[in-house]
1. Cut-off 11 Å, label point 7 angstrom out along Cα-to-Cβ of Leu375: give me the residues of region 211-234 whose amide nitrogen falls inside.
2. Fully extended, how many nm does the chain gain between Ser157 and Trp113 (0.36 nm per residue separation, minus their Cα-Cα distance)?
3. To the nearest 10 degrees, how steeply does helix 299-308 sit against the main Cα axis of the chain, on a 0 to 90 scale?
4. Within straight cross-link reach of Lys279, meaning Cα distance under 20 Å, which aspartates and glutamates are found once same-chain residues fewer than 8 apart are removed?
5. Please check which bits of region 184-223 a label hung off Thr446 would reach, taking the label as a point 7 Å along Cα-to-C-beta and the cut-off as backbone N under 14 Å.
6. Whole angstrom only: what separates the Cα centroid of region 382-407 from the Cα centroid of region 496-553?
7. With +1 on each Lys and Arg Cβ and -1 on each Asp and Glu Cβ, and nothing else charged, work out how big the dipole of the chain is about its Cα centre, in Debye to the nearest 20.
8. Suppose each label sits 7 Å from its Cα in the direction of the beta carbon; what would the Thr327-Ile297 distance come out to in nanometres?
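Each value in this text was obtained by applying a stated rule to the coordinates, not by laboratory testing. Just so we're clear, the structure is a prediction, and the values are computed from it rather than from any experiment. When we count neighbours, we look across all protein chains shown, and the Cβ atoms used for this are built from the backbone with ideal geometry, even at glycine.
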Amino acid sequence: MREIASSFRRVISIAVVVGIISGFGSLLFFEGLKLGTCFFMGTLLGYTYPEEGQSMAEIAAWAPPESIWLLLPIICLGALASGVLVTTFAPEAEGHGTDAAICAFHGEGKVRWRIPLLKAVTSILTMTTGGSAGREGPTAQISAGFGSIAADLLGLSARERRIAIATGIGAGIGTIFKAPLGGAILGAEILYRRDFESEALVPSFLASIIGYAIFSAFEGFDPIFGLGDISWSVPQIPLFLLLGVVCAAMGLLYIKTFYTTQKVFKSVFSRFSLPDHVKPFTGAFILGIGVILLAQISYEGMLVGLGSIGTGYGFLQLTMYNMIPLTVLLFLPFAKILATSLTIGSGGSGGVFAPGLAIGGSTGGAVGMLLHMLLPELVPISSVPVFVIVGMIALFGGIANAPISVMIMVVEMTADFSLLVPAMGAVAVADVLTGTDTIFREQVITKAQSGAHRGEYRVEILEEIRCRDAMLPADRIIALTPDDSCAHVLSIINTYGHTGFPVLEGDRLAGMVTIGDVRYGTEPGKPALPVRDVMTRDVVTIDPDETLEKALRLMMDNNIHHLPVVRISDPGTVVGFLTSTDILRAYTRVTAGKADQLQCSASPGSGMAPAREEAKKRII
């Protein structure tokens, strides 16, 4: 009992310390954003910025820049300064921040002391000069960094250190968005694609409340967004489900565009040996030129361009007041996706949460406005803002694999809990359709793949089980050849739900192909590539006499979930196939006293065929 009481006191102490730090840290960061926006957008650019939370009369006074051409030097200057600081002092501060905090949780649980301050400065430079980014990612990394610093000073254990980091993520985001409940849950939900960090939940609640109280004492307790006269009805629920489908598609486009842009920038700069600090400058230059060109086309084009820069919250507020025309709403989601990809995908510093909400909100606004035009009696104009808010929730809840927390957060940000009903349906549809695709690449599927929980699998038990006792034997494995097309692999994946397959050349192991590889080989409008062009040739394998503990360590170290089993004496011949699911199944059976029942069976996502003859493509 004493140990439990002592652990409880330490966890509560962590929550209090992290909450106080998150409150004041978020406050300073937010004030920095306001001052930077006032100087760069207001004083230099002459842009009367629309802001979230303004009344309809207040926001109607917004005005475009006096000279849109001045945006180019301003946005490029901010990106260049941010790039120089990041590449010089802390490369891990590059990007959207939340991934770095998630990585720290699953890894060693440490964040360098310089990160919080550097992330704050670089993010302020990026966002206030016009970069398309959000404040939640930097806040998450800043608060997680302070949590790690507190862990260093208090001499916390590895487990307590990780709790401090997860608590910092939730408290920081919940604080700066004035959404303490959703933020607390987000800190526990956002770490995994299909799991939940329950240990961090209670301290996150306490820390988030403390941070929220401190922040709001200075910034006010009003919700982030203001709402006018809105309404929705039960007959509209099928339309909200339809919105969930549209938001899932837009969310997947967001993910693909973002990471493709990131990959292109890295490839080009590596190929031509260009300095990394110029990457954000290049992205900002392209974005600035694009906004200027749109402004030259028409007034609506200017609205699309201006709506694509910054956090996008001001234009979200305008959309909630039905002050943005349909022609703008139809193009704004695509412009925002591209602007965010150029800003953060090129190495700029900022979050992907706010742009995700802006993309979802403008998508919802477009769908709502179209439905209003087609079905004015079913969807009155007062219902269009509801589609905006539900779109925000559905899109980002789906691609963040955090439907519960995002739904609660956005409802807190609008202070209208009646929106939970339509939001629940839309985000459920979006979450199912997006699957495990995520904007946060450092998320792991479950605790089984997290370094934070490896010790919980009792290494001594895994050391007692050999791979031969848990693997699927060779005569039950689906294998591919290098000449098979990626389209054919996709058909197998869709049929059986497996996501990884060994590739054989003759009867010898030539490589591995997974669903991630196949996606690059099946781009729309292009012929499907053969497996040989996308497969991994340098395959990690394991001997059947090795232990499951070693197999699990290999998977974690190489960020993989499949291991072909080959003998050391004959490394080219596959004798079995092992996945993380098989390891969990073997572990569960042994701990349940069923070691004598260890049998190999098909497991979802493992590349294994059911024990049916027709399920086999080529049997090894």
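1. It comes to 233-234, nothing else.
2. Stretched fully, the Ser157-Trp113 segment lengthens by 14.1 nm.
3. Long axis of 299-308 versus the principal axis of the chain: about 50 degrees.
4. Output for Lys279: Glu92, Glu94, Asp99.
5. Those under the cut-off are 192-197.
6. Rounded to whole Å, the Cα centres lie 35 Å apart.
7. It comes to approximately 700 debye.
8. 1.1 nm
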